[in-house]
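Data first, discussion second: the structure below is written as structure tokens.
The values are calculated or read from the model by the stated rules, or taken from the named source; none is laboratory data. In this text, all values refer to a predicted model and were calculated from it rather than measured experimentally. Ideal geometry is used to build each Cβ from the backbone, glycine not excepted, and the neighbour counts take in all protein chains shown.
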């Protein structure tokens, strides 16, 4: 059922889902490196995020 729905889905939908997933993974990785979430002040922060 899921495979059928995905095969019928628009390529733009798939691209958008993939982009969202990749951005979430990259953001989580950057949060781990910096020591704090984006936009959140933290005494444990070891770097800063730009962009």
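Checked against (1) at pLDDT below 80; (2) assigned to a helix (DSSP H, G or I); (3) surrounded by 11 or more Cβ atoms within 10 Å (Cβ to Cβ), residue 49 passes all but a single condition, namely (2). If you check 43, 9, 24, 30 for being exposed (fewer than 10 other Cβ atoms within 10 Å of the Cβ) and out of contact with any strand residue (DSSP E or B) (no Cβ under 9 Å at 6 or more places or on another chain), only one passes: 43. May I ask you to list the residues in region 28-44 that are touching a helix residue (DSSP H, G or I) at 6+ places or on another chain (Cβ under 6 Å) and modelled with pLDDT under 80? Of everything in region 28-44, nothing turns out to be touching a helix residue (DSSP H, G or I) at 6+ places or on another chain (Cβ under 6 Å) and modelled with pLDDT under 80. Can you find a residue in region 13-27 that is touching a helix residue (DSSP H, G or I) at 6+ places or on another chain (Cβ under 8 Å) and at pLDDT below 80? No; the residues of region 13-27 include none that is touching a helix residue (DSSP H, G or I) at 6+ places or on another chain (Cβ under 8 Å) and at pLDDT below 80.
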